[in-house]
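A quick write-up on the structure given underneath.
The values are calculated or read from the model by the stated rules, or taken from the named source; none is laboratory data. Computed from a predicted model, the values in this text were never measured in an experiment. Heads up, the Cβs are rebuilt from the backbone with ideal geometry, glycines too, and the neighbour counts pull from every protein chain shown.
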Amino acid sequence: MSDTTQPTELAEPLFVPDADRAMEFARFCPIYTPTELLTLEDNGATVFVKNESTRFGLGSFKALGGIYAVAQLLSDTVEAETGVRPKLSDLHSSDVKTIAATQTYVCASAGNHGMAVATGAKLFGARARIHVSSEVPSSFATRLRERGAEACISGSTYEESLEIANKDVLDSGAHLLADGSWAGYTYPPSRVMEGYTVMARELKESFLSSGLWPTDVYLQAGVGGLAAAITYIIRDEWKVQPRIVIVEPTAAECLALSAKAGKLVEASGPISNMGRLDCKAASLLSFDTLIRSDVEYRSISDADAQHAVDRLGELGLGTTPSGGAGFGVWREEKKLQKTAGERPLVIVSEQALD
Ligand SMILES: Cc1ncc(COP(=O)(O)O)c(C=O)c1O
């Protein structure tokens, strides 16, 4: 399906990221390095591929959000308790560690966001409890536990694990650090999304130095945090403007349906093989950002997402249907000789799973 929505009268935007702050944090991390931007030849076109499978050694771009958000929330707590906001270089001090040891960050996750929150908590000496549904590959629970997090198998869908995480926080008083947002709950996810802006800055730098800008950008969406954060920076900062396509599984078109309805509405559909994109309810911040932006929406079937994975594998890139969905939509558009331009940018958003 396709839809472009540009309302004229809206309240203030809910998501206004500070990409400089996110970049400063990324550069402060000793292992930070921009992920590679590959140039592949496929279907007679040059395809830019931002390869997020190596991000911070965690297997997906989500590492940019959760770690940064833990640092921000912890800094808020330290500031509230001591009256002084810690500098980045103070985050590993014993004073901050003493406070961090009393903090627990909780979230529901389809896998990758939980990995990022768990890593952030471990890095700064806090605790993390991650709720994953029984549909999430078991390798995630193993990797979460290796990072010192408590991994709970909660419900059989992402939405059920979200409900259980919300109840956990009410009962325990821990911090909810979700990547999705809703009315009355926007601050922690806005920090998560702010972290993702680093990727759009890295891309901007690459295109500025080569002078070759993409014609079309394909952004896969679950709750829409990635898509909204990147769209914001593209529209705000990029010198040469591409067409932007938001990509969702046919089984979970929550952003497209919401854009069409002009308000948040839920998708209903079967379980998708794009597990990390299979969110039936969009993030309020993402919806609010995208509805103000010039974007189009496309959905992709499970079969086409798998074809994309197979083709990327032939081109030497291992990923999952979630990671290859953007590439899949570009290939489908190209096959139909529709609007796709000749220099697409896609994001391979995660590594292949065991
Ligand atoms: C690999 C991967 N790609 C894309 C997404 C979609 O990101 P968002 O939920 O911010 O839309 C996710 C979300 O977990 C993911 O893990």
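Residues considered: Val240, Val217. Of these, the only one that is surrounded by 24 or more Cβ atoms within 10 Å (Cβ to Cβ), in contact (Cβ under 8 Å) with a residue 24 or more places away in the chain and assigned by TED's automatic domain parsing to the domain that holds Thr33 is Val217. State all residues of segment 63-81 that are among the β-branched types (Val, Ile, Thr) and more than 13 Å from the chain's Cα centre (by Cα); if no residue qualifies, say none. Those that are among the β-branched types (Val, Ile, Thr) and more than 13 Å from the chain's Cα centre (by Cα): Val70, Thr77, Val78. Restricting segment 32-62 to residues that are among the β-branched types (Val, Ile, Thr) and modelled with pLDDT of 95 or more leaves a set whose member that is farthest from the ligand (Cβ to nearest atom) is Thr39. Being assigned to a helix (DSSP H, G or I), without any contact (Cβ under 8 Å) to a residue 40 or more places away in the chain and surrounded by 18 or more Cβ atoms within 10 Å (Cβ to Cβ) is not true of Val117.
Going by the structure shown, is Ala69 within 16 Å of the ligand (Cβ to nearest atom), at pLDDT 95 or above, within 22 Å of Ser154 (Cα to Cα) and in the same structural domain as Ser139 (by TED's automatic domain parsing)? Give the steps one after another, and end with the answer.
Working: within 16 Å of the ligand (Cβ to nearest atom): yes; at pLDDT 95 or above: yes; within 22 Å of Ser154 (Cα to Cα): no; in the same structural domain as Ser139 (by TED's automatic domain parsing): yes.
Judged against the criteria, Ala69 is not a match.
Taking the conditions exactly as written (of a type in the set (Asp, Glu) and without any contact (Cβ under 8 Å) to a residue 40 or more places away in the chain), does Asp304 satisfy them or not? Yes, satisfied. Could you list, in sequence order, the residues of segment 214-250 that are assigned to a helix (DSSP H, G or I), within 14 Å of the ligand (Cβ to nearest atom) and over 13 Å from the mean Cα position of the chain (by Cα)? Passing the criteria: only Tyr232. Restricting segment 77-113 to residues that are away from the ligand (no atom under 16 Å from the Cβ) and assigned to a strand (DSSP E or B), the residue that is surrounded by the fewest Cβ atoms within 10 Å (Cβ to Cβ) is Thr104.
When the residues of segment 138-185 are filtered to those that are surrounded by fewer than 16 Cβ atoms within 10 Å (Cβ to Cβ) and in a loop (DSSP other than H, G, I, E, B), which remaining residue is farthest from the ligand (Cβ to nearest atom)? Top of the filtered list is Gly173.
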